[in-house]
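The values are calculated or read from the model by the stated rules, or taken from the named source; none is laboratory data. Keep in mind the model is a prediction, meaning the values are calculated, not measured. Cβ coordinates were reconstructed from backbone atoms using ideal geometry, including for glycine residues, and neighbour counts include every protein chain displayed. Remember, those area values only see protein heavy atoms, side chains included, never the ligands or the DNA or RNA. Shrake-Rupley method; radii C 1.70, N 1.55, O 1.52, S 1.80 Å.
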Amino acid sequence: MGQDQTKQQIEKGLHLYQSNQTEKALRVWMRVLEKSADPAGRFRVLSCLITAHAEMGRYKDMLKFAVVQIDTARELEDPDFLTESYLNLARSNEKLCEFQKTISYCKTCLNMQGTTVSLQLNGQVSLSMGNAFLGLSIFQKALECFEKALRYAHNNDDKMLECRVCCSLGNFYTQIKDYEKALFFPCKAAELVNDYGKGWSLKYRAMSQYHMAVAYRKLGRLADAMDCCEESMKIALQHGDRPLQALCLLCFADIHRSRRDVQTAFPRYDSSMSIMTEIGNRLGLIQVLLGVTKCWMIQKELDKALESIEKAQELAEGLGNKLGLLKLHCLCERIYRTKEQQQELRDHVVKFHECVEEMELYCGMCGESIGEKNNQLQALPCSHFFHLKCLQTNGTRGCPNCRRLSVKPGYV
């Protein structure tokens, strides 16, 4: 298959894919991969296969094609192709929750920069790295990466990237419990979709609606949460977007749990868990198990709650997800206090405070914890964040956290 024919077949596959004929598109692209003698064409078709498998939640296949693409890029001896292929490798590992590998591949991308095309990928690299740091609960570095990604999006006038970063920032602020910002950023993403997204994939609309649903639920606006989640789910079902379906089912379950309708919540959690397991979203599985645990606690089935916690703890330790561990210690503390098991209670109180210290989840001004309840937060240029009211009351001539870190042990 020559260069022109390769190009025609790739376009044919894209047309089929955009018409929701995904399996036909995949067959066309696989045929190109087998028969094309054009390395640049093979590279492009691999990019199509990687994107399609990402959107379907076939992350192991996505990784497999990303590895093949690295070899093709080396054959082409082009730094732009090599940077793009390492970014795809990073994104594949991000989806499979291999966060340390993601960070390593992102750093490789940034180290081989130089050409114009490569520099345009910097924003996507920063976003992927930020998502990985967030998965590891390294909040300062995550925020730093998201802010870099946002700057690249603004400098390159890349509205799609800006939309994706806003959704990730929504997730970031949900995790540290500034629910005002957790809603603001996905609302901004929805605005970008409305203003610029006429030719975009509907996944951008679905993504912003899902993150809005999560924030609305946290704010107790359950009817708004349900409306946004239903819209997101409708698009996810139309496009066969399994990862988003799993997240929407989790959100539906959480909404029902917030209404204390445990009997409706359980089957939604089960359905979400089934898809999360199938696609390999271990971070999502931790969230599902946290929700299931809380349902058992509502029903006062404390031993069943502890069983769910044990499964979630194994996943969180495997991933290095410190926030997940903190939440689990908090739930254990409540359970063992109810059971009046003092030794276990003390163990989990100690572990909870260790997690808070490790993640620096406290305000460097008032010393109170961050992420325990809904609070307005403000980040300084160094990406350390504080209670907004503390900054307004005390002001700052520099970051107190950075000052503490700069004092070496034994110096004072």
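Couple of notes before you dig in:
- ³J(HN,Hα) computed for each position of region 12-25 - Karplus, 6.51 cos²θ - 1.76 cosθ + 1.60, integer Hz, glycine/proline x: 4, x, 4, 4, 5, 5, 5, 8, 6, 9, 4, 5, 5, 4
- Vicinal HN-Hα couplings computed from phi for region 66-73 (Karplus, 6.51 cos²θ - 1.76 cosθ + 1.60; Hz; Gly/Pro x): 5, 5, 4, 5, 4, 4, 5, 5
- Choice from 318, 398, 57 with maximal GNM fluctuation in the chain (Cα, 10 Å cutoff): 398
- Over the residues of the chain, the helix contribution to mean residue ellipticity at 222 nm works out to -25500 deg cm²/dmol, using -39500 (n - 2.57) for each DSSP H run of at least 4.
- R0 of 51 Å, Cβ-Cβ distance residue 37-residue 358: FRET efficiency to nearest 0.05: 0.45
- Legend: calculated FRET efficiency, residue 120 to residue 342, from the Cβ-Cβ distance at R0 = 56 Å, rounded to 0.05, equals 0.45.
- In a reduced charge model with +1 at each Lys and Arg Cβ and -1 at each Asp and Glu Cβ, the chain shows a dipole moment near 440 debye about its Cα centre.
- Solvent-accessible surface of the chain, averaged per residue with a 1.4 angstrom probe and all protein chains in place: 48 square angstrom.
- Using a Gaussian network model of the chain in which every pair of alpha carbons under 10 angstrom is joined by a spring, one finds that among 346, 242, 44 the greatest mean-square fluctuation is at 346.
- Two-site FRET efficiency, residue 227 against residue 376, from Cβ-Cβ distance with R₀ of 25 Å, rounded to 0.05: 0.50
- Given a 1.4 Å probe and the protein chains as shown, residue 98 ends up with an accessible area of around 70 Å².
- Residue list for region 204-248, given a label point 7 angstrom along the Cα-to-Cβ vector of residue 196 and an amide N cut-off under 11 Å: none
- With θ taken as phi - 60° and the Karplus curve 6.51 cos²θ - 1.76 cosθ + 1.60 applied, the whole-hertz 3J(HN,Hα) list for region 234-251 is 4, 5, 4, 5, 4, 9, x, 7, 5, x, 5, 4, 4, 5, 5, 4, 4, 5 Hz, x standing for glycine and proline.
- Angle in degrees between helix 99-111 and the longest Cα principal axis of the chain, rounded to the nearest 10: 50
- Computed over the chain with a Gaussian network model linking Cα atoms closer than 10 Å, the most mobile of 203, 35, 311 is 35.
- Here the chain has 48 percent of its accessible surface on carbon and sulfur atoms, given a 1.4 Å probe and all protein chains in place.
- Among 241, 270, the order of accessible area from largest down is 270, 241, computed with a 1.4 Å probe on protein heavy atoms.
- All alpha carbon pair distances within the chain were sorted into 10 Å bins beginning at 0; the resulting P(r) in whole percents reads 5, 19, 31, 25, 13, 5, 1, 0.
- Over all other residues within a Cβ to Cβ distance under 12 Å of residue 311, the charged ones net out to -2, with Lys and Arg as +1 and Asp and Glu as -1.
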